[in-house]
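The values are calculated or read from the model by the stated rules, or taken from the named source; none is laboratory data. Source: prediction; values computed, not measured. When we count neighbours, we look across all protein chains shown, and the Cβ atoms used for this are built from the backbone with ideal geometry, even at glycine.
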């Protein structure tokens, strides 16, 4: 989740900076928060789901069994 959150934060920053340039172009659009916010939340939700299921499965394994295996 740390990697996903940092990637989304960097992407938001870069898209905000790029929107300043593209808004100055003819027919260009600026930073559209009503569009960016749901996409950002969807990306973070998918990352959370992708991390939750393997972590849940790993937490159900007995630690002694794992440590005895080579």
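Structure notes:
- Taking first residues from the range 8-29 that are within 12 Å of residue 40 (Cα to Cα) and partners that are modelled with pLDDT of 90 or more, the Cβ contacts under 9 Å between residues at least 6 apart in sequence or on separate chains come to 8/40; 8/43; 8/44; 8/47; 11/40; 11/43; 12/40.
Rundown of residues vs (1) at pLDDT 90 or above; (2) more than 17 Å from the chain's Cα centre (by Cα); (3) surrounded by 11 or more Cβ atoms within 10 Å (Cβ to Cβ), yes/no style:
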site	(1), (2), (3)
9	yes, no, yes
15	no, no, yes
35	no, no, no
42	yes, no, no
65	no, yes, no
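- For the range 22-32, taking the residues that are out of contact with any helix residue (DSSP H, G or I) (no Cβ under 9 Å at 6 or more places or on another chain) and surrounded by 10 or more Cβ atoms within 10 Å (Cβ to Cβ), the one that is farthest from residue 11 (Cα to Cα) is identified as 23.
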